[in-house]
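In what follows, a single structure is set out as C-alpha cells and then discussed.
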Amino acid sequence: MDKKQTLKHYFGYDDFRDLQEEAIDTIVSKRDMLMILPTGGGKSLCYQLPTLMMEGVTVVVSPLLSLMYDQVTSLQANGIEAAMVSSMQSFEEIKSIEQQVIRGEIKMLYVAPERMDSSYFISLLHRAKINFFVIDEAHCLSQWGHEFRQSYRKLSILKEQFPRIPIAAFTATATQMVRADIINELRLDKPNIIVGSIFRSNLFITIKHRIGDGKAQLLEFLKLYKGQSGIIYTLSRKSTESVAAYLSQKGYKARAYHAGLSNEERGRIHNEFIQDRLDMVVATVAFGMGIDKPNIRFVVHLHLPRNLESYYQEIGRAGRDGNLSQTLLLFTTADLIQQRLFIDDLEAGEYKRNAYAKLQSISTFATSTSCRHQSISHYFKESLVPCMERCDNCLSYKNQTIDITTPAQKILSAIYRTKQSFGANYVVDILKGSKSKKIVQNAHDKLSVYDIGKEYSKSGWLTIVDKLLEFGAVAINDKRVYILTEMGKKILQGKQSVAIDEERLKVTFETQVVDDNGVFEEDTQRILDRLSKLRNTIATQNSIPAYIVFSQKTLAQMAMELPTTKEAMLNIHGVGEVKYERYGEAFIEEIRAIKNAKGIVGSG
Ligand code: ADP
C-alpha cells in the first residue's frame, strides 16, 4: 500500500493535511525531524502512518499515561498493533508486551521518558528492531518551555545508544529557544524542521473585561453549551471549587480539578471528561496536558494567563476535530497585579525578567484592538493577515454598526420599572413576555414593557445588555442587579444614542453543530442524535471513549449522507476498513431504520 492507500485503509481519511506528507516522507527516508504544528494540526498521524509502511516497531516517548492510553486505544480501534508499558501494568503484562516487541508483533510502543533510565529497558530496545523513535510533546525537555520535565533530559541517551536510528520530535510550542533546546538535547542530526502555521482558523477568540468574579458572564456564555465539552481555567484551587459548585447548581455537569486532589480522584475526573460523562472541568493549569479529546467546544479563562505561550496552548485544547470552537478570556487589571506578585516571588535572574516581559505581552494582547490571531502569530514571529472573522476585534472592525437606541430604551425602561432590583435575564424575560412564576408573582406581566421585545431573541437582548454595560449605560451593583447610570438615564430621555456592531447581534457565541460548511437542518440534527446514541452504546459496550468509535465529524457526515452500503460508508470521512468491519454494519442498520421510518427509498 502506498501512503494514500494506507491513510484511507487505516485512518479512513481521503487527504493529508498541510505538511503531513512532508513529515511522513522525512521519517520514511530515515532523517531526523522536528515538527512544530499547533494542537489539532494532526501530528500523531505523521508518525503513526510511516510505521505502517516500514518494517519494525516505533518507540514513542510520551509524557503522560492518559495520553498514551488514549493513543493506544485509538490505534487499536483502527486495527494497528499498539501497546504501552507503564508502571500501572503488572509484571506479567509488561513481560508479555516485551516479548511481542522482540518478536516484531507490535508496530507502536508507547513509553514514559523515565523508562529510558532503566538499563534493562535499553537492552531490550537493542534486541528489538526499531524503525524510529518519536518524542511527543518535545518542548517538555526545554527549560524555556512552560512544561519542563526533568525526565525528558534523559532522552539524550537515545542518540548515544542508538546513533543510527532516526528521531522524530513533535511539539506545538514554537519559540526559537525551545526549538534550539530540543535539537541540542536530543542531538538531532541535520533535522528537517517542519513548522506549521500558528493560526488555528477554527478557534473564535473573544476577550472581555471581567465583571466581578465573572460567574454571571460565564453562565451567559455557557447557555449555548449545555451538554457540550469544555474547560474553564481559573487561578486558584479555591476558585475552581467555587465555580464548579456554582455551575453544578445551575444544572451543568462540572467538576473542579486541581493539584490538591488525590491521583485517583484526578484520574477519575479525567476519564469521565474524556468519555463525555462529564461536560466541564473547572481547573487550574494542572489540567490540560494530555487532554487529547477532539470535541472540546470551548475554553474559558476567568483570569489573565501568565503568558501567551500558556494561553495559546490552553485555548488550543479546543476544537482538535477542526470544528468551530469558542474561546473566551475574561480579565481585569487586578489579574495583572496578582500575576506580578507570583513573579515577584521568583528568584532574581533572566527567567524572572523574562516572566515579567511575557506577562506584559499578554496584558497588551488582551487590551489590544488588533486581530487576536494576528497578534498571537506576531508574538511567535510569524506573519498573518487579520483573520477577519475569527475574533471579536476583527468582527467589530469589519462590521457596520446599527443604531440600537430604541431597544436600549426598552431595556433601560424595564430595569427602571422593576426598581433596579433584578439581573439581566429576568429583565429580558419580561421584554420577551415570559410567563415565569416569578414574573407573574411580581405582577411584572402587567408592566407596559411586558412582551414588547419580539424583535430579538433572548440572546440578542442579552447582547444588547452587554453592550449597555460596556457603554456605561448600566452598571451591576454589589447585589448583582442592574442599575441605570447617568448615561443610561440620558439614553432613556432620548438625549443620547447608542449603536452596536451589526454582526455582534447575530454572531455572538454562535455555535455550529457540524463545521463551517453548513448549519444543520433540524431533521439532520435528530438523525445525528440517533447515531450518537448508537455510538455511545457501542462505546460503553467496548469500554472505550465514544470518539474512538467515530468522531463527531464522521457522524455528522453520516447523518447528512445516510450511507447504507459498505462502499458509501467507506466514503465517509473517518471510516476505514477496520472501523467498518467493527461498527459499520451497526450504523448501516440504524440508518436503514431511520430511512424506513421516514419513508425515504433508494440506497447509497
Ligand atoms: P495534534 O497531535 O497535532 O494535536 P492530532 O494528531 O490529535 O493533533 O489530530 C487532531 C485531529 O485531526 C484528530 O481527530 C485526527 O484524527 C484528525 N486528523 C489528523 N490527520 C487528518 C487527516 N489527514 N484528515 C482528517 N483528519 C485528520
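The values are calculated or read from the model by the stated rules, or taken from the named source; none is laboratory data. Quick caveat, the model's predicted, so the values are computed rather than measured. Glycine also receives a Cβ, built like all others from the backbone with ideal geometry; neighbour counts cover every protein chain displayed. Calculation scope for accessible area: heavy atoms of the full protein, side chains included, ligands and nucleic acids excluded. Shrake-Rupley method; radii C 1.70, N 1.55, O 1.52, S 1.80 Å.
Comparing Gly433, Ser457, Thr405 along the charge dipole axis of the range 401-506, the residue lying farthest to the positive side is Gly433, per the Cβ-charge model. Short to long, the 5 Å bins of the Cα pair-distance histogram for the range 401-506 hold 2, 13, 27, 25, 20, 9, 3, 0 percent of all pairs. The GluC sites (Glu not before Pro) of the range 297-370 that meet both conditions, a loop assignment by DSSP and at most 11 other Cβ atoms within 10 Å of the site Cβ, are Glu347. For the range 3-195, the relative contact order is 30 percent, taking Cα pairs closer than 8 Å that sit 6 or more residues apart in sequence and dividing their mean separation by the residue count. Distances between placed amide hydrogens fall under 5 Å for Val60 paired with Leu109, Tyr110, Val111, Val134, all partners being 5 or more residues away or on another chain. Residue ranking by accessible heavy-atom surface, 1.4 Å probe, largest first, among Met88, Met558 comes out as Met88, Met558. Seen from Pro38, the other residues with C-beta closer than 12 Å to its C-beta sum to a net charge of +3, counting Lys and Arg as +1 and Asp and Glu as -1. Of the trypsin sites (Lys or Arg not before Pro) found in the range 368-453, the ones in coil according to DSSP and having at most 11 other Cβ atoms within 10 Å of their Cβ are Lys381, Lys419, Lys435. Let me know the whole percent of all Cα-Cα pairs from the range 3-72 that are separated by more than 16 Å. That tail contains 50 percent of the Cα-Cα pairs.
Give me the percent relative contact order of the chain, please, defined on Cα pairs under 8 angstrom at least 6 residues apart. Walk me through the numbers before you get to the answer.
Details: 987 pairs, mean separation 79.3, N = 604.
For the chain, the relative contact order is 13 percent.
Inter-part distance, the range 427-448 to the range 11-64, computed on C-alpha centroids, equals 59 Å. In the chain, if the dipole is taken from +1 on Lys/Arg beta carbons and -1 on Asp/Glu beta carbons about the Cα centre, which of Leu302, Tyr416, Ile167 is farthest to the positive end? Of the listed residues, the answer is Tyr416. Rolling a 1.4 Å probe across the protein heavy atoms gives the chain an accessible surface of 45 Å² per residue.
Quick one: dipole size for the range 199-315, taken about the Cα centre, charges +1 on Lys/Arg Cβ and -1 on Asp/Glu Cβ, in debye to the nearest 20.
Details: 17 positive and 11 negative charges, 60 e Å.
The dipole magnitude comes to about 280 debye.
Ratio of Rg to Rh for the range 3-195: 0.93 [Cα atoms; Kirkwood radius as inverse mean 1/r over pairs].
Normalised by residue count, the chain yields a Cα convex hull volume of 173 Å³ per residue. Sorted largest first by accessible area at a 1.4 angstrom probe radius, with every protein chain in place, the residues Trp461, Trp144 fall in the order Trp144, Trp461.
What is the local net charge at Glu55, summed over the other residues whose Cβ is closer than 11 Å to its Cβ (Lys, Arg +1; Asp, Glu -1)?
Values: positive: Lys107, Lys129; negative: none.
Result for the local shell: +2.
Note on Tyr456: accessible area approximately 60 square angstrom, rounded to 10, probe 1.4 Å, nucleic acids and ligands left out. In the assembled protein chains, Tyr356 presents an accessible area of approximately 70 Å² (probe radius 1.4 Å). Count Lys and Arg as plus one, Asp and Glu as minus one, and take only other residues whose Cβ is under 12 Å from that of Glu98; the net charge is then +1. Note on exposure: Ser413, Ser497 ranked by accessible area (1.4 Å probe, complete protein assembly) read Ser497, Ser413, with the most exposed listed first. Rounded, prolate or oblate: which one fits the range 203-395, using the alpha carbon gyration tensor with axes a ≥ b ≥ c (rounded when a/c is under 1.5, else prolate when a/b beats b/c, else oblate)? In terms of gyration-tensor shape, oblate. Against the empirical curve 2.2 N^0.38 Å, the C-alpha radius of gyration of the range 199-247 lands at a ratio of 1.27. Only protein heavy atoms count here; on that basis, with a 1.4 Å probe, Met54 has an accessible area of about 20 Å².
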